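The values are calculated or read from the model by the stated rules, or taken from the named source; none is laboratory data. Not measured: the values here are computed from a predicted model. Cβ placement follows ideal geometry from the backbone for every residue including glycine, while neighbour counts extend to all protein chains displayed. Keep in mind that these areas ignore ligands, DNA and RNA; they rest on the heavy atoms of the full protein, side chains included. Shrake-Rupley method; radii C 1.70, N 1.55, O 1.52, S 1.80 Å.
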Amino acid sequence: MGYSRNMSLVCAILIACLHFSYAQNAPQDFVNAHNQARKEVGVGPVAWDAKLAKFAENHANKRKTDCDPQHSNSSQYGENLATGTGEFSGMDAVKLWIIEKANYDYKSNSCTQMRRCVSYTQVVWRKSTLIGCARVKCNTLNAWFVTCNYYPSGNNGEKPY
């Protein structure tokens, strides 16, 4: 009985560890983080799209050799990129994009004081309804490359919301 109980405990711990390692990088985590930011400005939700996720994964795999945050230059999708070291998660990337909100001036529909805000405006772009994201470990650094793609794309001169 003692052995069985110990094995059950070990199995439960292993399952929790596996879940934790996937936490903050799962499709629903990306969707939830985007939708929270969108809700704050009164924009409808986005949903996960397997085609966009595959596109993001293909691009991320191309960048994992150097971890260089180069855009895919897709004309059909919007895109946000981030790189980070350590255990840089997908949620860490989304947080970086959302923190740009402080740099966005809604009234003038522009970034303030030469600051970056286009990643934020893509996250909350009202016409974007689908997202797909990927996260890969870089080969050359102790770093991660994260990308999310959006359909339809944003940042076309209109206000995002």
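Quick look at the values:
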read-out	value
Top of G78, G86, G42 by mean-square fluctuation, Gaussian network on the chain, Cα under 10 Å	G86
Two-decimal Rg/Rh across segment 84-161, once Rg and the Kirkwood Rh are taken from alpha-carbon atoms	1.03
Rounded accessible area per residue of the chain, 1.4 Å, Å²	58 Å²
Accessible surface of segment 34-161, 1.4 Å probe, proportion on carbon and sulfur as whole %	51 percent
Degrees, to the nearest 10: 27-40 long Cα axis against longest axis of the chain	40 degrees
GNM result for the chain, Cα springs below 10 Å: residue of Y120, Y150, Y104 fluctuating most strongly	Y104
Relative contact order (%) - criterion: Cα under 8 Å, at least six apart; region: the chain	31 percent
Helix 2-22 vs. the chain, principal-axis angle (Cα, 0 to 90°, nearest 10)	10 degrees
Number of Lys pairs (Cα under 13 Å; 8 or more positions apart or on different chains) in the chain	5
FRET efficiency for T65 and R115, using Cβ-Cβ distance with R0 set to 30 Å, rounded to 0.05	0.50
Calculated from backbone phi, Karplus (6.51, -1.76, 1.60) coupling profile of segment 97-107 in Hz, x at Gly/Pro	5, 5, 4, 5, 3, 4, 9, 9, 9, 4, 4
0 to 90° range, to nearest 10: angle between helix 50-63 axis and the chain longest Cα axis	90 degrees
Solvent-accessible area of I98 with every protein chain in place, 1.4 Å probe, in Å² to the nearest 10	40 Å²
15 Å beta-carbon shell around A134, net charge (K/R +1, D/E -1)	+2
